[in-house]
Amino acid sequence: MRERLEELRREALAIVAEAGEEARLREVEVRFLGRNGEITGLLRQLGSLPADQRPAAGREANLVKAALQEALDQRRDQLQQASLARELRGEGFDPTLPGPPPPAGALHPLSQVQRRLEDLFSSMGFLVADGPEVEWESYNFDALNIPPDHPAREAQDTIFVRAPQATAEASAAAESDGKADGVVLRSHTSTVQIRALKKHGPPLRVVAPGRVFRQEAQDATHEHTFHQMEGLVVDRGVGVAHMLHAMNSLLEGLFGRKLETRLRPGFFPFVEPGFELDARCPFCDSGCRVCKGSTWIELMPGGLVHPNVLEACDVDPEVYSGYAFGLGLSRVVMLSYGIDDIRWLLSGDLRFLRQFPS
């Protein structure tokens, strides 16, 4: 067996030394050291040797395997270094060939839907407004006719911020409103509507998309951070018919076709009368999981702006009227793309986001 091992060692080392490609080295490795290789086959024959010869033969075979493996590794490294050197010298390298394309990014599904709606409302003459996410309590509640004893102003619903050292300008603005202002994370984008109406005055058409915050126990349909888009129109002679037209136009832009809608009475402190707008389920005719078998989907609250809200913004309710509506952007995105858990939207999981190319 020793003679055979030595013969295989010399033959294998000679082939390795002459190999000019890594593929040839792989062939040598399989032939001699593979599962059915020649040296592996000799090792299986150790059991047939006399007991006193087996240790020496085993050591000899392992030394041959180690020497061959070392030679293979060294030769492979030499071939790789030679290939790299050729590339660095420009041999076989064409610098005019285009490089690999960088990975393409995409807009978040929330951004895609928001931009679509912004374009829709801009075409209807609406101003797209933005405002602070950390807001004075007077803008978040008082100016919207939400009284001090309203449940929404409790800590179990609203996220209160410990008041920082406010700027002199902000403190003066709060004092001018006559309110003992706290600081909150805004619970709706209605605060942006109030700021826009105070700044521009009527006539005004404005939508306010953005991120809002609530004290919510997280589950598949509730999240402490989510997105809304709210609209406000204030002008002379504005009524429910104008509001319904804007809502139907919004739905048509979202789903690409007209949907049957209905209004139900609803109560919200900042509108009077208030409504809930439902739309026929765009995904079924006889009931599905999305509409919970009813064929109707509750989409938007809205109504005519309460006179107290107009007065808080220095607008005469005897001259001007208006309507307001709200839309849960997060809910619309879930409906549009069939997302079954709201927590995916702000998870930052790239596996989820790669499913929504722009």
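The values are calculated or read from the model by the stated rules, or taken from the named source; none is laboratory data. This is a predicted model, so every value here is computed, not measured. As a convention, Cβ positions derive from the backbone with ideal geometry for all residues, glycine included, and neighbour counts pool all protein chains shown.
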Selection count, region 286-318, where residues are touching a residue at least 12 places away in the same chain (Cβ under 8 Å) and within 30 Å of K198 (Cα to Cα): 16
Please state which one of N36, N62 is in a helix (DSSP H, G or I) and under 58 Å from the mean Cα position of the chain (by Cα). N62
Given the residues R257, R236, which is the only one that is of a type in the set (D, E, K, R), within 26 Å of A312 (Cα to Cα) and loosely packed, with under 15 Cβ neighbours inside 10 Å? R236
Of all residues in region 216-238, count the ones that are touching a strand residue (DSSP E or B) at 6+ places or on another chain (Cβ under 9 Å), on the phi < 0 side of the Ramachandran plot and not in a strand (DSSP E or B). 4
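Could you pull out the residue among A19, A12 that is touching a residue at least 60 places away in the same chain (Cβ under 8 Å) and surrounded by 12 or more Cβ atoms within 10 Å (Cβ to Cβ)? It would help to see each step written out before you state the result.
Numbers: A12 fails: touching a residue at least 60 places away in the same chain (Cβ under 8 Å).
Result: A19 is the single residue among A19, A12 that is touching a residue at least 60 places away in the same chain (Cβ under 8 Å) and surrounded by 12 or more Cβ atoms within 10 Å (Cβ to Cβ).
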Any idea which of (1) over 30 Å from F226 (Cα atoms); (2) not in a helix (DSSP H, G or I) is the one A12 doesn't satisfy? (2)
Checklist (1) touching a strand residue (DSSP E or B) at 6+ places or on another chain (Cβ under 7 Å); (2) under 30 Å from D235 (Cα atoms) applied to P269, failing item: (1)
Please state which of the following conditions E298 fails to meet, knowing it meets all the rest: (1) in contact with a His (Cβ under 9 Å, 6 or more places away or on another chain); (2) assigned to a strand (DSSP E or B). (1)
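Mind listing whichever residues of region 58-69 are surrounded by 11 or more Cβ atoms within 10 Å (Cβ to Cβ) and not small (G, A, S)?
Selection gives E60, N62, L63, V64, K65, L68, Q69.
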Of the residues that make up region 239-254, is at least one within 32 Å of the chain's Cα centre (by Cα), assigned to a loop (DSSP other than H, G, I, E, B), of a type in the set (A, V, I, L, M) and closer than 18 Å to I339 by Cα? no
Go through region 14-45 and count every residue that is of a type in the set (A, V, I, L, M) and farther than 12 Å from K65 by Cβ. 9
Only one of (1) surrounded by fewer than 14 Cβ atoms within 10 Å (Cβ to Cβ); (2) assigned by TED's automatic domain parsing to the domain that holds R205 does not apply to L84, and that is (2)
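Within region 274-288, take every residue that is surrounded by 20 or more Cβ atoms within 10 Å (Cβ to Cβ) and either in contact with a helix residue (DSSP H, G or I) (Cβ under 6 Å, 6 or more places away or on another chain) or among the aliphatic types (A, V, I, L, M) (or both) and give me the one that is modelled with the lowest pLDDT. Break it down into steps so the answer makes sense when it comes.
Applying the first criterion (surrounded by 20 or more Cβ atoms within 10 Å (Cβ to Cβ)) to region 274-288 yields 275, 277-279, 281.
The next check asks that each one be either in contact with a helix residue (DSSP H, G or I) (Cβ under 6 Å, 6 or more places away or on another chain) or among the aliphatic types (A, V, I, L, M) (or both); those that pass are 277, 279.
On the way: L277: 88, A279: 85.
Here the residue is A279.
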Scan of region 126-152 for residues that are more than 21 Å from K198 (Cβ to Cβ) and either charged (D, E, K, R) or touching a helix residue (DSSP H, G or I) at 6+ places or on another chain (Cβ under 7 Å) (or both), ordered by number: D149
